[in-house]
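**Student:** Sharing a structure with you now.
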């Protein structure tokens, strides 16, 4: 259980501001763990609309389970996911994931996902094509466990707000630690997973609505607590 800290209060202030500004996000788009995991792999360096086309192709072709992915020739799978880009590499990643669960968990995805967060994350990172962001997407959205997802949107907003980790060249884990050290994340508490789920979705929504590569600071729900926003609006 995270301790009550000034950073915890600051993060929860951001969360509540996001909630008021944008409302519930209802992430992740997907029905069931298989679709969520396939989407998490396919969305690497891809727009979600292109991922949706790839998922629709997989469903229409009957390639809609770990067993089907495991059995389908890689070239055929690559053709199904072509719209998501880097389709040969992504087909290999999907097959690597399916093979891992098939060989190590008798193909039982629920059993695989039911592990505690630490061992599950370690095992995910051992699979070809699963990096930290994809692993955390799978943990929080498919397994329903708290593991905060860090992406370019989250990093951008944290940097601008002055709540980035105190490191010369912060890595993924440094950014994630800001949340894990200050927000509750007990595997056995559903509300903790819901907090991490919704909070990550809200960071991404805010990046798209207001805090893009060129920020739109006027009317931003974080303006009064964001040094970058105050600087830009004062200068203008």
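The values are calculated or read from the model by the stated rules, or taken from the named source; none is laboratory data. Just so you know, these numbers come straight off a predicted model, no measurement behind them. Counting neighbours? That spans all protein chains shown, and the Cβs are built from the backbone with ideal geometry, glycine included.
**Student:** From the residues in the range 18-54 that are over 25 Å from residue 193 (Cα atoms) and touching a residue at least 24 places away in the same chain (Cβ under 8 Å), which one is surrounded by the fewest Cβ atoms within 10 Å (Cβ to Cβ)?
**Tutor:** 45
**Student:** Working carefully through the options 164, 96, find the one that is outside any helix (DSSP H, G or I) and either without any contact (Cβ under 8 Å) to a residue 24 or more places away in the chain or farther than 24 Å from residue 190 by Cα (or both).
**Tutor:** Answer to the selection: 164.
A quick yes/no check of all residues on (1) touching a strand residue (DSSP E or B) at 6+ places or on another chain (Cβ under 6 Å); (2) touching a residue at least 24 places away in the same chain (Cβ under 8 Å); (3) crowded, with 16+ Cβ neighbours inside 10 Å:
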| residue | (1), (2), (3) |
| --- | --- |
| 142 | no, yes, yes |
| 149 | no, yes, yes |
| 154 | no, yes, yes |
| 176 | no, yes, yes |
| 195 | no, yes, yes |
| 207 | no, yes, yes |
| 220 | no, no, yes |
| 224 | no, no, no |
| 230 | no, no, no |
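**Student:** Sticking with this one: Name the residue, out of 133, 122, that is modelled with pLDDT of 95 or more, in a helix (DSSP H, G or I) and surrounded by fewer than 16 Cβ atoms within 10 Å (Cβ to Cβ).
**Tutor:** Result of the check over 133, 122: 122.
**Student:** Would you please list the contacts, defined by Cβ atoms under 6 Å and residues six or more apart or on different chains, that run from a residue in the range 3-17 that is in contact (Cβ under 8 Å) with a residue 24 or more places away in the chain to a residue that is surrounded by 11 or more Cβ atoms within 10 Å (Cβ to Cβ) and outside any loop (DSSP other than H, G, I, E, B)?
**Tutor:** Between residues of the range 3-17 that are in contact (Cβ under 8 Å) with a residue 24 or more places away in the chain and residues that are surrounded by 11 or more Cβ atoms within 10 Å (Cβ to Cβ) and outside any loop (DSSP other than H, G, I, E, B), the close pairs are 15/199.
**Student:** With the requirement that a residue be part of a loop (DSSP other than H, G, I, E, B), closer than 19 Å to residue 21 by Cβ and in contact with a helix residue (DSSP H, G or I) (Cβ under 6 Å, 6 or more places away or on another chain), what does the range 177-221 give you?
**Tutor:** Within the range 177-221, 217, 220, 221 meet the criteria.
**Student:** Same structure again: Out of all the residues in the range 101-113, which are buried (at least 17 other Cβ atoms within 10 Å of the Cβ) and closer than 17 Å to residue 36 by Cα?
**Tutor:** Scanning the range 101-113 gives 101, 109, 112, 113.
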